[in-house]
Amino acid sequence: MKNWIKVDEKPLEPGVPNSPMSITESKDIPGEIRMFRGTTIIACGIDKITTAVCQPEARLKWVERMSENILIKGNPDEGKWLSYEAYDLIWPISNRDYVFEQTLEKSLYQKKNRTVVKVASIEHPDYPEKSNKVRGTLPSCTFTLDQISKKEIHLEVMVQVDPGGSIPGFMKNMIQKGWSLKTMRALNNYVKNH
């Protein structure tokens with residue numbers, strides 16, 4: 001894809017010699033919410049990292065500020081599931097929640113294992129908007145895991161999210177700018193320690 005602009009390049013693990021670099025990029029798309037992407041190498045098997053990305057109990061341990069993750073229907077093993085996620089944010093920003101449809105596809109890419117997890121907002125009658133939370137929308141979020149070897153994967157994370165509420169567009173983009181790096185670091189930290 002063209003029009004990606006490099007935002008930053010930082011070590012995945014600050015202070016660790018020979019840490020893989022994490023590259024973050026952004027892209028302007030129609031509307032005001034930018035898309036962000038990050039790529040890095042994680043020393044981990046593809047199945048372990050897939051579990052960390054998909055399973056609600058694992059996500060609760062590494063996704064920043066997540067307070068609830070409820071499996072509504074289906075499950076990651078079936079390749080498609082619905083979930084409710086809530087986030088506790090810092091005052092004065094209101095807490096947020098989302099309802100997602102998620103899919104998991106495994107395939108071969110250049111003769112190596114590839115796993116793609118896609119997440120997008122949906123509406124669900126059992127999870128209407130709540131008065132004490134702002135409902136955010138996630139037009140798209142993708143985790144692409146490409147196996148390099150049994151112990152290494154190339155990770156690409158991509159997100160476009162509108163946290164909703166009365167935050168101006170430029171502020172939403174500023175808030176989301178760090179998402180890719182935080183996500184890659186948190187995921188790496190989780191798989192190293194679990």
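Our estimate of slack between Met66 and Asn132, defined as 0.36 nm per intervening residue step minus the Cα-Cα distance, is 22.2 nm. Filter Lys27/Lys80; Lys48/Lys151; Lys48/Lys80; Lys48/Lys106 down to the pairs with a C-alpha to C-alpha distance above 21 Å, please. The answer is Lys27/Lys80. Note on Thr142 and Ile29: their simple-model spin labels are 0.9 nm apart, each label 7 Å out from Cα toward Cβ. Partner lysines whose Cα lies under 19 Å from the Cα of Lys133, excluding those fewer than 8 positions away in the same chain, are identified as Lys172. Post the alpha-carbon centroid distance, the range 66-115 to the range 136-194, in whole angstrom. For the range 66-115 versus the range 136-194, the Cα centre distance is 12 Å. Of the residues Ile153, Thr51, Ile90, the one whose Cα sits farthest toward the positive end of the charge dipole of the chain, with +1 on the Cβ of Lys and Arg and -1 on the Cβ of Asp and Glu, is Ile153.
Note down the magnitude of the dipole of the range 131-194 about its Cα centre, charges +1 on Lys and Arg C-beta and -1 on Asp and Glu C-beta and zero elsewhere, to the nearest 20 debye. That gives the range 131-194 a dipole magnitude of about 260 debye. Within the set of other residues whose C-beta is less than 12 Å from the C-beta of Gly45, count the net charge using Lys and Arg as +1 and Asp and Glu as -1. Counting the neighbours of Gly45, the net charge comes to +1. Placing +1 on the Cβ of every Lys and Arg and -1 on the Cβ of every Asp and Glu, with nothing else charged, gives the range 57-126 a dipole about its Cα centre of roughly 580 debye. Protection proxy ranking, highest mean first, for peptides 10-17, 56-63, 157-164, 105-112: 157-164, 56-63, 10-17, 105-112, where packing is the per-residue count of other beta-carbon atoms within 10 Å, averaged. With a 1.4 Å probe rolled over the protein heavy atoms of all chains, the accessible area of Lys133, Lys48 falls in the order Lys48, Lys133, largest first.
Our helix-only sum for the chain, with -39,500 (n - 2.57) per DSSP H run of n ≥ 4 divided by its residues, gives a mean residue ellipticity at 222 nm of -6000 deg cm²/dmol. Checking [x] 1.41; [y] 1.12; [z] 1.01 against Cα Rg over 2.2 N^0.38 Å calculated from these atoms, the matching label is [z].
Charged neighbours of Leu71, selected by a Cβ distance under 14 Å, balance to -4 (K, R count +1; D, E count -1). The alpha-carbon of Lys10 sits under 17 angstrom from the alpha-carbons of these aspartates and glutamates, leaving out residues fewer than 8 places away in its chain: Glu25, Glu156. Length gained on full extension, His124 to Glu105: 4.5 nm, using 0.36 nm per residue less the C-alpha separation.
Charged neighbours of Ser131, selected by a Cβ distance under 14 Å, balance to +2 (K, R count +1; D, E count -1).
For the residues Lys130, Lys182, a 1.4 Å probe over the protein chains yields an accessible-area ranking, largest first, of Lys182, Lys130. Each of Pro76, Ser166, Val116 was placed along the dipole of the chain (beta-carbon charges, centred on the mean Cα), and the one lying farthest toward the positive end is Val116.
Taken about its Cα centre, the range 53-194 carries a charge dipole of roughly 600 debye when the Cβ of each Lys and Arg holds +1 and the Cβ of each Asp and Glu holds -1.
The values are calculated or read from the model by the stated rules, or taken from the named source; none is laboratory data. Model, not experiment: these values are computed from the prediction. Reconstructed Cβ throughout: ideal geometry from the backbone, glycine too, with neighbour counts over all protein chains shown. Each accessible area value is taken on the protein alone, full model and side chains, heavy atoms only, with ligands, DNA and RNA left out. Shrake-Rupley method; radii C 1.70, N 1.55, O 1.52, S 1.80 Å.
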